[in-house]
Amino acid sequence: MNNDKRVLGRQGAKELTPSEADHVNGGIITRLSVCTIPRPGTQGCDGDVTS
Amino acid sequence: MTVCLFDHEPAKTVTLANPNPILRGRVSNHARPPQLEQERRNHQMKILITAPENENHTAPLKWALEQAGYSVACWAGLGWTEDRQASISLLADTQLKLGRHLVEPGDVIWIRRPMQPRPNPQTSPADAKFAANEYRSFYDSLMYLLEALPVRVVNKYTASRFINNKSVQLVLARACGMNVPGTLMTNSPQAVREYFCGNPQRMICKTFSTHIWEKEQGGPIVVTETFELSADKLPSDEVLTYAPAIYQELVVKKFDVRMVLLGAAVYSYSLHNPRGALDWRGDATQGLVRVEPIITPPEVEKSVLAFAAKSGIACGSFDFAIDNQDRWWFLEVNEGGQFLWLDAANADLHVQEKFLAFLTAPAGSSRQMLEARQSEFPSWSDYLASPAKDQQLPEEADPDASFVSIEA
């Protein structure tokens, strides 16, 4: 992957550990979790808290 | 037989008999005020949840409502299949049908997490954009129409659309008297540099929305997260124009608070993260965050209720950072936020019951009225111990999800 021209948000993003990634399946978190990724065009996600 | 929505409101009765042994004792031990009882008798309702039945809050809450004797229906959102079709009939009577469910006077519509409109994939590619636009327009017509019908909508679509903007949230929060960190939202490199150079505070960067990158199909997953950023770490001006972002003063915090707004009631929960991460969510997902009830300062509660009135939301999940001077800093609100994880973290909180008492109560019910009713409903722990938990199907991945990118 060419990392040139990547957005700042990607540069600050976090790579999930295997156990964290276990909560994600194809972009939809499949278990009860703190942050369910929103379905596009619908509700927002409460997965991006600030400091 | 069809039921008129506007022209007549058929008299209804509600069945309150609770067939479930989990609840039978509780209800008898907690007599409801006569006024509430009468309101319920006069007000047969069904709860219509706009989300797939297996959505992670919908499944347990639908089960709990049904255990308490309520009629519940789910509509996953507009789509081409029969269960996702919808109709607005403006004929002699006015009707709205969502999937197989007729919206009737007195119903409660919980706009949870409907799936995005899904046109028929067999549509000619030459017409795909047109069809997608028509589906989107029709979907908006459905959602906005709900507010014109004699039903209770939680949250109203207008309020949801309005408040799901971080700029609106921060401005309203500040106007309502809450502490709000200094913030810049921009795609202007000059504005970013001026903000960082003129500000001695530690700064963070956050995104407007969550995004997932898969490094390769099925490979490691990378998720947007709030991160600290300093002037010397700013990327080139070119990169700053690739995507707008939110730059905000970092609040050095003692702990976080997740607050749940339920009509006139506000419940706050402190979140103690032993790792002290900027964002507690990852650790909370892993069960590493301790969750305890905490008293909401009166001035904060007053501000939050003012915020709710201004924004039009009746419920939502608020995030606050509490600094070393015990000041509460508003960070954001998600009107469709998650809350059952609080019960999963601390079984004594009973957020599930509180929410269901709110959802089934008349709009404007006081905190006392809601709390008088919460024992009608089974708890999150009851759900976990029920066969329904094991029957819950996993949520399906959305192949068209716009928040997922594959890098390789």
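The values are calculated or read from the model by the stated rules, or taken from the named source; none is laboratory data. For clarity, every value in this text was computed on a predicted model and none was experimentally measured. Virtual Cβ from ideal backbone geometry, glycine too; neighbours counted across all protein chains shown.
Just so you know, in region B:211-257 the residues that are modelled with pLDDT under 90 and part of a strand (DSSP E or B) include one that is nearest to residue B:293 (Cα to Cα), and it is B:223. Condition check for residue B:235 on (1) within 7 Å of chain A (Cβ to nearest Cβ); (2) of a type outside the set (Phe, Trp, Tyr); (3) farther than 14 Å from residue A:7 by Cα; (4) in contact with a Leu (Cβ under 8 Å, 6 or more places away or on another chain): one failure, at (3). Among the residues of region B:86-93, is any touching a Ser or Thr at 6+ places or on another chain (Cβ under 8 Å), surrounded by fewer than 19 Cβ atoms within 10 Å (Cβ to Cβ), of a type in the set (Asp, Glu) and under 17 Å from residue B:160 (Cβ atoms)? No, region B:86-93 contains no residue that is touching a Ser or Thr at 6+ places or on another chain (Cβ under 8 Å), surrounded by fewer than 19 Cβ atoms within 10 Å (Cβ to Cβ), of a type in the set (Asp, Glu) and under 17 Å from residue B:160 (Cβ atoms).
Exactly one residue out of B:195, B:242 is surrounded by fewer than 19 Cβ atoms within 10 Å (Cβ to Cβ) and either within 11 Å of another protein chain (Cβ to nearest Cβ) or not charged (D, E, K, R) (or both), and it is B:242.
Conditions (1) over 20 Å from residue B:366 (Cα atoms); (2) surrounded by fewer than 22 Cβ atoms within 10 Å (Cβ to Cβ); (3) of a type in the set (A, V, I, L, M, F, W, C); (4) at pLDDT 95 or above, marked per residue:
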| position | (1), (2), (3), (4) |
| --- | --- |
| B:273 | yes, yes, no, no |
| B:277 | yes, yes, yes, no |
| B:288 | yes, yes, yes, no |
| B:294 | no, yes, yes, yes |
| B:297 | no, yes, no, yes |
| B:301 | no, yes, no, yes |
| B:305 | no, yes, yes, yes |
| B:336 | yes, no, no, no |
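Within region B:283-336, the residues that satisfy the criterion of being within 16 Å of the chain's Cα centre (by Cα), small (Gly, Ala, Ser) and more than 16 Å from residue B:271 (Cα to Cα) are B:308, B:311, B:312, B:314, B:316, B:336.
The residue list B:138, B:196, B:208 contains one member that is touching a residue at least 12 places away in the same chain (Cβ under 8 Å) and under 30 Å from residue B:46 (Cβ atoms), which is B:138. Would you say residue B:283 is modelled with pLDDT of 90 or more, closer than 30 Å to residue B:200 by Cα, of a type outside the set (Gly, Ala, Ser) and assigned to a helix (DSSP H, G or I)? In short, no.
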